[in-house]
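Down below is the structure, laid out as structure tokens.
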Amino acid sequence: MSKGYNRQGGSRQSGMLGRLQKMQEQLAEAQAKLAEETVTATVGGGALKITMTGDQHCVTVEIDPELVKSADTEMLQDLLLSGINLALDQSREMAATKLSPLTGGLGNLGI
């Protein structure tokens, strides 16, 4: 018998590798779906709306024309920062919710 060779261990590693590959495929599929889903953050009483994808890409910024007429630059900058950060938070939360069933299984693989 060869030193260090254990058939049972090899079989177990093969099964773990298969589960990891399947999980990797599922994770890639979930990430692709996230890239298509969006969240919209609204600030300033609806005067500013920012839409972001689940993979944290900003796709639209809508500014009420009345806000531009009446707002000073500093207020508009503050609203933009608030809206972008809120949209990022919502996007990250959506991603965590959708990916947690997949990434939560990593503990079962001995990782």
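The values are calculated or read from the model by the stated rules, or taken from the named source; none is laboratory data. Note that the structure is predicted; figures quoted are calculated from it, not measured. Heads up, the Cβs are rebuilt from the backbone with ideal geometry, glycines too, and the neighbour counts pull from every protein chain shown.
Worth a mention:
- When residues of region 26-61 are limited to those that are touching a strand residue (DSSP E or B) at 6+ places or on another chain (Cβ under 9 Å), within 10 Å of residue 95 (Cβ to Cβ) and not hydrophobic (A, V, I, L, M, F, W, C), the one surrounded by the fewest Cβ atoms within 10 Å (Cβ to Cβ): 37
- Residue list for region 3-54, filter: over 30 Å from residue 75 (Cβ atoms), at pLDDT 90 or above and part of a loop (DSSP other than H, G, I, E, B): 37
- With respect to the stated conditions, residue 94 fails to be surrounded by 14 or more Cβ atoms within 10 Å (Cβ to Cβ), modelled with pLDDT under 85 and either of a type outside the set (Val, Ile, Thr) or part of a loop (DSSP other than H, G, I, E, B) (or both).
- The set of residues from region 62-91 being loosely packed, with under 13 Cβ neighbours inside 10 Å and either part of a loop (DSSP other than H, G, I, E, B) or β-branched (Val, Ile, Thr) (or both) comprises 68, 72, 73.
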